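Visitor: The structure that follows is given in the form of structure tokens.
The values are calculated or read from the model by the stated rules, or taken from the named source; none is laboratory data. Everything quoted here is computed from the prediction, not taken from an experiment. Virtual Cβ from ideal backbone geometry, glycine too; neighbours counted across all protein chains shown. SASA here: full protein model, heavy atoms, side chains in, ligands and nucleic acids out. Shrake-Rupley method; radii C 1.70, N 1.55, O 1.52, S 1.80 Å.
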Amino acid sequence: MQDYPTHIVRRPKSAISDYSLNVFHLRNPLVAAWWSMVYPGFGHIREVSIAKGMFLFIGELLINTLAHLNLAIMYSFTGKFAMAKKVLDTHLLLLYCGILIFAVWDSYRVALEINKFSVLADHENAPLVPAVIGSGGLNAYEKRNPWISLAWSALVPGAGHLYNMTLLPAVFLMLGGAIIIYFSHLLPAIHYTALGQFALAKEVVDWQWLLNVPSFYCFAIYDAYVKTVEINKIFDQEQAQFMKNKYQSPLFKMPFRY
Amino acid sequence: MYLVASFHYNLHTEIAITKLEQLGIPPEQILAVPLEKRGETRNIFDTIHHADGISMFDGGAILGTACMVLGVIYGFVLEWGPIVWGLLGLAGGFLAGFLLDLLFSKLKHSRERSHEQDGELFVLINCDKDQVKEVEKALWDHLALGVAVLPATIE
């Protein structure tokens, strides 16, 4: 029989509960830093530090909204510098710089640390628990198709995470997505765009909120895809462990002997 | 008699082996050989900065997001508005990022792992001669990629 962990696993590869799961895997620290630059918090959510990432994200969303930073970015990019200056609220603006730089720096650092943890966990190769059932539901490492994960996330940000059974980021992305979609008036703008009424579409959107949409949307898709791939790898690893434990008996008679 | 079968890592694989045990073949007569995959080396210095097989998607996501933001911003002044330009930015950026990734990874390692359909797990089964047919069927029924019966065995 397979031995499930009775001692403390020093270097765990993953954690699974009936509500969520979390996996150490190798990450490119530059990509983590990029996501933090796009939106402070995303770099961390993509790494194992989901709670830290959500905290940073909420902070950035509040400051950005109150300081009208997105509006200023839009005016600056379209050459309306006077408007950009006029629209910015300086009560919280400078705080944004600190949060942004901290998020970029910390996600880069955490990525390097996590890579070390991941390599050590692979080396320790501690027995993985393949499935969990609890009062909240069932969770298991399964073989899932990353393209299906991507497609669901493209339709509903967060749905790919639900498919992966990573509930914490899924709830975060779905609630956050709903708030951003609502305040940006994105969906009415899509209706107008589909009907060819581009002027009305421009009029109806809230530009401050709309600029949150691209990064949020792309992140949800990207992260769901990557998580599916990595969870599949954990499935492989667990099954390989199981097979080696149970079906590599020294009593097995090899077919040819010398 | 001996049978050899190859599998993917999959729940079906476990069901196949369970089925064999139900047919009366004890675990000592089943040898499973999970293959280590190339590129998943456990070398800390080679892999620490590597995005590990998923980098093909990183470039697309990065450029896609950047161009989508730009598309939404310039949709403010362009004819078709932010939605169309945002989506065009996403598609164009993703494609450009993906192609760049492809180009660079081709240049970096010319030997790319593209054999995802190959077997990952080999199973060798020692069973009685009269069981061969049903064992073979059980293996095929549970998505074995290939099955072979060893013709000659030396006891």
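Visitor: Between chains B and A, what is the buried accessible area in Å², counting both sides, with a 1.4 Å probe and ligands, DNA and RNA left out, to the nearest 100?
Guide: Protein heavy atoms only, the B-A interface buries about 5500 Å².
Visitor: Just list whichever of A:K143/A:K227; A:K246/B:K19; A:K244/B:K133; B:K19/B:K137 have alpha carbons separated by over 21 Å in the model shown.
Guide: Check vs 21 Å cut-off fails for A:K244/B:K133.
Visitor: For region A:125-183, what is one quarter of the convex hull surface built on the Cα atoms, given in nm²?
Guide: Projected area, direction-averaged: 5.3 nm².
Visitor: Leaving out ligands, DNA and RNA, and with a 1.4 Å probe, what % of the accessible surface on the protein assembly as shown is carbon or sulfur?
Guide: Of the solvent-accessible surface of the protein assembly as shown, carbon and sulfur hold 67 percent.
Visitor: Using the beta-carbon distance between A:A51 and A:H123 and R0 = 30 Å, what value does 1/(1 + (r/R0)^6) give for FRET efficiency, to the nearest 0.05?
Guide: 0.65
Visitor: Taking every pair of distinct Cα atoms and averaging 1/r, then inverting, what Kirkwood hydrodynamic radius in Å comes out for region A:36-127?
Guide: 14.8 Å
Visitor: Pop out a list of residues from region A:221-254 that are at least 50 Å² less accessible with all the protein chains around than in their chain alone; 1.4 Å probe, no ligands or nucleic acids counted.
Guide: A:Y222, A:K233, A:D236, A:Q239, A:M243, A:Y247, A:F252
Visitor: Okay, moving on. So what is the diffusion coefficient of region A:169-258 in µm² per second by Stokes-Einstein at 25 °C and 0.890 mPa s, using a Kirkwood Rh over Cα pairs?
Guide: 141 µm²/s
Visitor: Still on this structure, please answer the following. In cubic angstrom, how much convex hull volume per residue do the alpha carbon atoms of region A:73-186 span?
Guide: 199 Å³
Visitor: Net charge around B:G64, counting only other residues with Cβ within less than 15 Å of its Cβ (Lys, Arg = +1; Asp, Glu = -1)?
Guide: Summing Lys/Arg as +1 and Asp/Glu as -1 gives -3.
Visitor: Next question, about the same structure. For a protection proxy built on the mean count of beta-carbon atoms within 10 angstrom, sort B:63-73, A:141-151, A:233-243 highest first, please.
Guide: Top of the packing list down: B:63-73, A:233-243, A:141-151.
Visitor: Can you pull the one-decimal nm distance between simple spin-label points at B:K133 and A:I148, each 7 Å off the Cα toward Cβ?
Guide: Rounded to a tenth, the inter-label distance reads 3.6 nm.
Visitor: Right, next: Take every residue in peptide B:22-32, count the Cβ atoms of other chains within 10 Å of its Cβ, and give the average of those counts.
Guide: That works out to 4 on average.
Visitor: Only protein chains counted, 1.4 angstrom probe. Which residues of region B:82-106 are at least 40 Å² less accessible in the assembly than when their chain is isolated?
Guide: Those are B:P82, B:I83, which lose 40 Å² or more relative to the chain on its own.
Visitor: Using the heavy atoms of the protein chains alone and a 1.4 angstrom probe, what is the accessible area of the protein assembly as shown per residue in square angstrom?
Guide: With the other protein chains kept in place, the protein assembly as shown gives 51 Å² per residue.
Visitor: Right, another one. Measuring from a point 7 Å past the Cα of A:L138 along Cα-to-C-beta, which residues in region B:10-24 have an amide N at less than 20 Å?
Guide: B:10-19
Visitor: For chain A, take every pair of Cα atoms, bin their distances at 5 Å starting from 0, and report each bin as a whole percent.
Guide: Taking every Cα pair in chain A, the percentages come to 1, 6, 10, 14, 16, 14, 11, 8, 6, 5, 3, 2, 1, 1, 1, 0, 0, 0.
Visitor: For region A:25-72, treating each Cα as an identical point scatterer without solvent, what Debye log10 I(q)/I(0) comes out at q = 0.23 1/Å?
Guide: Relative scattering, expressed as log10 I(q)/I(0), comes to -0.76.
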